[in-house]
Amino acid sequence: GQPHAEAAALALCAERGLMHRAAIAVVTLEPCNHTGRTPPCTVALLASPVRTVWIGAADPNPHVAGGGAARLASAGCAVHFLHDLGADAARQARDCTALIAPFAKVSCRGEAWITVKQALDATGGMRPPPGARVFTSAAALTHAHVLRRATDAIVTGTGTVLADEPGLDVRHVPDHLARAPRAVWVCTRGDAVPAAWAERMHAQGRDVVLCNDISSLPARLAQSGVLWAMVEGGPRLLASLRKHDAWDDWLTIAVQPDGSESVRAETRVPGVSPLSLFPFDHGGA
């Protein structure tokens, strides 16, 4: 329900007395031309001095695609798409598509984008050694929290909750200012979560939602307002996600026998993943 990027940028220009200098808008996603929870961004742009608009990616929603660009062009704006610029802009266009991938999935299929983060030790196991909570490097832990910060909800399993009572909050990196607490979804076969853990989540303003049907998870997440969810769970949950194809990309951080780490990102749709925007590099793959 907050103003879209174009409206927010124009409001900031006006607030700082810079509106007279606003001439070009550069946007990731095609400006909307319909009224949803906010007024159309095309109206805000046309009410400003902006008359040139650069667009990174067309709106993926088939019901509105092209409407914003056409409205701006018909009003006399010079409208450019990155994909019209040839090979020199191909990387930027791919980055824009990757950035809006969760939005595109929700818009077109009514399902949230689900990223699985999995850490493997040198034997291929997922359990930390006795007395430890993690076995990956500090850099890997920081990257995991950067990814957690980018998502709208955390998905875990009953086994992880019972074993660790995890916080699943953003640490190691600053969270976004004024960010609403992320909901925690617990995939379960009917097991109740510990009351003390649930109370701690609620005290932080976080909803705890139980899901007994993995196949319904993407749609239920989207219905709750989640665009992008991150899975942090154990082997049983991850195997179930694989079985039901309830995932979109899969980040694996693997510790090698020599102590180094490799990072591998798997995507269900080749070449389309917001993970491509993260600088995951731990000196491995």
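So which helices (runs of 4 or more DSSP H) are wholly in region 1-120 and hold at least 3 residues that are open to solvent by 40 Å² or more (accessible area, probe 1.4 Å) and farther than 25 Å from residue 249 by Cα? So that I can check it myself, show each step before the final result.
On the way: elements: 5-15, 41-46, 67-74, 90-99, 101-109.
Correct list: 5-15, 67-74.
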Which residue is farthest from residue 21 (Cα to Cα), if the candidates are limited to region 35-84 and must be at pLDDT below 90 and among the β-branched types (Val, Ile, Thr)? 64
Looking at region 139-161, can you tell me whether even one residue there is in contact with a Lys or Arg (Cβ under 8 Å, 6 or more places away or on another chain), in a loop (DSSP other than H, G, I, E, B) and open to solvent by 30 Å² or more (accessible area, probe 1.4 Å)? yes
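Considering each of 272, 209, 255 in turn, give the residue that is touching a residue at least 24 places away in the same chain (Cβ under 8 Å), out of contact with any strand residue (DSSP E or B) (no Cβ under 6 Å at 6 or more places or on another chain) and β-branched (Val, Ile, Thr).
Numbers: 209 fails: out of contact with any strand residue (DSSP E or B) (no Cβ under 6 Å at 6 or more places or on another chain); 255 fails: out of contact with any strand residue (DSSP E or B) (no Cβ under 6 Å at 6 or more places or on another chain).
Unique residue meeting the criteria: 272.
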Under the condition of being within 25 Å of the chain's Cα centre (by Cα) and acidic (Asp, Glu), which residue from region 165-196 is farthest from residue 235 (Cα to Cα)? 175
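The values are calculated or read from the model by the stated rules, or taken from the named source; none is laboratory data. The structure presented is a predicted model; accordingly, all values stated were derived computationally and were not measured. Glycine also receives a Cβ, built like all others from the backbone with ideal geometry; neighbour counts cover every protein chain displayed. To get the accessible areas, we keep the full protein, side chains included, count just its heavy atoms, and leave off ligands, DNA and RNA. Shrake-Rupley method; radii C 1.70, N 1.55, O 1.52, S 1.80 Å.
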